[in-house]
Structures are given as C-alpha cells and as structure tokens.
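The values are calculated or read from the model by the stated rules, or taken from the named source; none is laboratory data. Note that the coordinates shown come from a computational prediction; the quantities given were computed from them, not determined experimentally. Note: ideal-geometry Cβ built from the backbone for every residue, glycine included; neighbour counts use all protein chains shown.
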Amino acid sequence: MSSKNAANDTVLDLLMIVYGSSKDDPLDDSRFCGHDQRRVEVQLAPVMPPEVAASMRRRQEWAHELSGRVTPDLKHGQRWHCEFCDKLARESFVQNVSWLHLSPPRLIIYVHLMCDTQQGPCAARLREVAGIMASQTGQPNLVMTMPNRFAPDPVFPAAASCLNCKGEETIRKSLSQCGACKLVRYCSTACQREDWGRHKKTCKAVKDVKWIWK
C-alpha cells in the first residue's frame, strides 16, 4: 500500500442523514417530498486509528461503535418530532451502509427519529421504509440499532431536549446551539461544559452541516 493510500485510510468519509419532522408538518405523504424531506445531512471526517485501519474486522467494529457514539449528538440537534407523525421523537432507528474497503473508507448512516420504533403504526411504516432502503442499497448487512427495552413502557429522552441533562422541562426552552459544530443543543452553559468531554470528538470531526428545514 502506498503512503498516500495509507494516509487516506486513517480518515473515514462519513455522511450521516437524520430524518424527522416538525410539529406542524402535514400528516399525509406530502411530508416525504423527495429532496425537500425534512432532514439534516452531516459530513464528518473522524480519524481511524492505525490498528483499526489494518484490519477489515476492526474497521467494521469501529464503524458500528462510532455510529452508536455519534447518533445522540444528531438526535438532540433540533426540535424533532417523529418522522411519521406529530408526536415528539424519542427513539432512533439506524441503518449503516459501508464501503470500508475503499480508500478512503466510506460510511453512510441513516437515522430515523421516531416516537416508537417497535410498536404501533409508525413502527410498521418504518419497517416498510427500512425494507425499501435495504433493497435499494443491495447490502444485506445493514445495521439496525434499537433502544433496549428493559422496562415495560420506557420513556426515552425527547430529541427536543437538552443533549446533556435531557430534562423534559428543557423541551419548552430556547436551547443554545454549539458554536463550533452548529448542531447539538444545550439548556445552559453548565450543561455544555459538562458534556464537552464526550461531545468534543464528534464536534471536531464535523466538517459540514446542511439543514433541509422548510
């Protein structure tokens, strides 16, 4: 492998696309209007450790871990409601499409923000969308990340809440956006400082944020 390719292999070309809705969006199929569908597209360039780049298995494991680590930052970036209804978004369904063998390696992560990913009409609609996407990508190894149901009816933090404290009372507040990545939101300076140790890796990897927010 040339030194040029080795250098490229240390950086992952990562695109994350998050789908959801706003409170007043129509409840019919007009909310899914192609290029204008409400979403945010985030381009990141996280550095892949040399020991990870040397093994395809480690690349796959690292990409899966990265997906789980970055998704909360995108979830709490807006006053998101469910992709399919007008309820607050609280859960996420993730699909990964990867080309980790390329130079540079590529990964696209699709995040669907939901009121409920496992039960009800929205969950049924999600299964349809996920099936269509799987057939279009032609990749059977799409990764689906579901919330763990340790309680009968758990209530997960609302996407519209503060990323750090996730308090229900912060849903109604005017939250402050991270000045660097222009993505995540906090209810106070104290919450932002407290979360910085965790958020800084994602924040520094963000290269571009594009909101499609009508």
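Descriptive notes on the structure:
- Flag if Cys33 is surrounded by fewer than 16 Cβ atoms within 10 Å (Cβ to Cβ) and not hydroxyl-bearing (Ser, Thr, Tyr): yes
- For region 40-74, the set of residues classified as surrounded by fewer than 20 Cβ atoms within 10 Å (Cβ to Cβ) and part of a strand (DSSP E or B) consists of Glu41, Gln43, Val47, listed by residue number.
- With respect to the conditions (1) among the β-branched types (Val, Ile, Thr); (2) modelled with pLDDT under 90; (3) under 26 Å from Lys173 (Cβ atoms), Val143 falls short on a single one, namely (3).
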